[in-house]
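Structure first, commentary second.
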Amino acid sequence: MNNLDKKKLKASAHKLKPVVMVGQSGLTQGVMNEVDMALNAHELIKVRIRAERDERKIITEEICSGSNAELVQQIGQISIIYRQNPVK
């Protein structure tokens, strides 16, 4: 993904609301299933991660690697994640 693609995705994500939230339990298999379903349905999603800064970065990397997605942007507790759906 190049910078122009990321810029377009950031603009598209601006109006989105977080569809998945990682809470006190951390990144569970249930959360990963929700992320996978949301990426299949929407391709571009926002994930709210309620954790400390260093932990948020680790969780975001785990989400991206576990779902074969790419991080578009991370601001505070919000991570914008994209995975192209070949069916769409």
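Bear in mind these aren't lab numbers, they're just calculated from the coordinates by the rules spelled out. Predicted model, so just to flag it, every value in this text is computed and none were measured. No Cβ is skipped: glycine too gets one built from the backbone with ideal geometry, and neighbour counts run over all protein chains shown.
Annotations
- Every pair of different Cα atoms in the chain enters the Kirkwood calculation, which places the hydrodynamic radius at 12.9 Å.
- The residues packed around Met1, meaning those with a beta-carbon under 11 Å from its beta-carbon, carry a net charge of +2 if Lys and Arg are +1 and Asp and Glu are -1.
- Ordering Val47, Val20 by the number of other Cβ atoms within 10 Å of each residue's own Cβ, fewest first, gives Val20, Val47.
- The mean sequence distance of close C-alpha pairs (under 8 Å, at least 6 residues apart), as a share of the length of the chain, puts its relative contact order at 30 percent.
- Label-point separation in nm, Glu70 to Lys17, each point 7 Å along Cα→Cβ: 2.8 nm
- Most positive-pole-ward Cα, Ala41, Ser65, Val31, against dipole of segment 3-82 from beta carbon charges: Ala41
- Distance between segment 49-69 and segment 31-46 - C-alpha centres, whole angstrom: 14 Å
- Student exercise, the chain dipole from Lys, Arg, Asp, Glu Cβ charges, in Debye to nearest 20: 500 debye
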